[in-house]
Amino acid sequence: MLVHASLFGDWFAPVFDEPALDGFRVIRVHRAGYGASQRPDRHLTFADHARHSCRLLRELGVESAYWVGHSSSGCIGLQAALDYPDLLAGLLLLEPAPKPAGPSSVALFEQVVAPAIAAAGAGDIADAADIFLRGVAGDTYRDHVRNRLGDNAHYQLVRDTEFFFTDELRAAHEWQIDDATAARITAPTLLVHGAETRRRTQAFAETIARLEQMLPSVEALELPGLGHAMPLEDPPAVARLIATTVTRWSGQRR
């Protein structure tokens, strides 16, 4: 199950069509507030997003699934593993958002998140999206969006971004995980970091290092040449990683 990050519902769209995933049943969602999904009429927590995704799995007749989460949906995946342990067979998390936060998260907030919030508050959602994504994914993020998804994809990104600043950012702030809570997550977890992300911030690497200490069954992997926008930067590489990891984990469950 491919569960997209914040700001844009189509992060995983090009990964979905990769040949490496042929032979797998792959489910790609638009979380509430994104893409063609309905805009919620109330505040949604990360637990709400986890519940929606897991309810979808059950309605599709899925008894066990591997959660592939990116950024904020890495955190949502951890919450889902806590709330629905019998449903999730494993977590493959691409640069989960900085929770728990390390020291570099302070600079990330001051230099990227706060200016983006200010732009959104002034009514310029397009500028807010640009500030945020340049800060975490680099100046080429728009090229990746256009090259993978077409010229009109940026307009959908801006539309999706509005939900992030009006609701999901609050949910991200509210969500917390501590050692005792993390110890309850039994699903095997792979934490993936892009080597290029370090050029912009250490916040994601610090969170991954902390989660390595907190989770009972965990491993970490760094992908050379990729940054926070990795599902758009190199869909074949991300698809191959998913296929290899799920195949390995599935074999260990037999």
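The values are calculated or read from the model by the stated rules, or taken from the named source; none is laboratory data. The model shown is predicted, which means the values in this text are computed figures rather than measured ones. Glycine gets a Cβ as well: all are built from the backbone with ideal geometry, and neighbour counts include every protein chain shown.
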Candidate set from segment 1-32 (those that are small (Gly, Ala, Ser) and in contact (Cβ under 8 Å) with a residue 12 or more places away in the chain); member that is nearest to His228 (Cα to Cα): Ala5
Yes/no for Ala129 being surrounded by 22 or more Cβ atoms within 10 Å (Cβ to Cβ), modelled with pLDDT of 95 or more, closer than 20 Å to Asp10 by Cα and not charged (D, E, K, R): yes
Set Asp151, Asp139, Asp86: member being more than 16 Å from the chain's Cα centre (by Cα), of a type in the set (D, E, K, R) and within 30 Å of Trp249 (Cβ to Cβ): Asp86
Listing of helices (runs of 4 or more DSSP H) fully contained in segment 162-227 that carry 1 or more residues being among the charged types (D, E, K, R), closer than 21 Å to Leu108 by Cα and out of contact with any strand residue (DSSP E or B) (no Cβ under 7 Å at 6 or more places or on another chain): 169-174, 203-214
Single condition Gly123 does not satisfy, out of (1) within 24 Å of Leu226 (Cβ to Cβ); (2) not in a helix (DSSP H, G or I): (1)
Selection within segment 138-163 - among the aliphatic types (A, V, I, L, M) and either within 11 Å of Val112 (Cα to Cα) or without any contact (Cβ under 8 Å) to a residue 60 or more places away in the chain (or both): Val158
Boolean, Leu241 is within 26 Å of Arg25 (Cα to Cα) and surrounded by 15 or more Cβ atoms within 10 Å (Cβ to Cβ): yes
So Ala36, is it at pLDDT 95 or above and either at negative phi or touching a strand residue (DSSP E or B) at 6+ places or on another chain (Cβ under 9 Å) (or both): no
Any pair with Cβ under 7 angstrom, 6 or more apart, that starts in segment 66-92 at a residue that is among the acidic types (Asp, Glu) and ends at one that is crowded, with 24+ Cβ neighbours inside 10 Å: Asp83/Ala50
Complete set of residues in segment 28-78 that are among the polar types (S, T, N, Q) and either surrounded by 24 or more Cβ atoms within 10 Å (Cβ to Cβ) or more than 20 Å from Leu92 (Cβ to Cβ) (or both): Ser37, Gln38, Thr45, Ser53, Ser71, Ser72, Ser73
Looking only at segment 43-70, and only at residues there that are under 15 Å from the mean Cα position of the chain (by Cα) and in a helix (DSSP H, G or I), the one that is nearest to Thr189 (Cα to Cα): Ala50
Any pair with Cβ under 8 angstrom, 6 or more apart, that starts in segment 228-254 at a residue that is assigned to a helix (DSSP H, G or I) and ends at one that is surrounded by fewer than 16 Cβ atoms within 10 Å (Cβ to Cβ) and aliphatic (A, V, I, L, M): Leu241/Leu221
Filter result (outside any helix (DSSP H, G or I) and in contact with a helix residue (DSSP H, G or I) (Cβ under 6 Å, 6 or more places away or on another chain)) within segment 71-90: Tyr84, Leu87, Leu88, Gly90
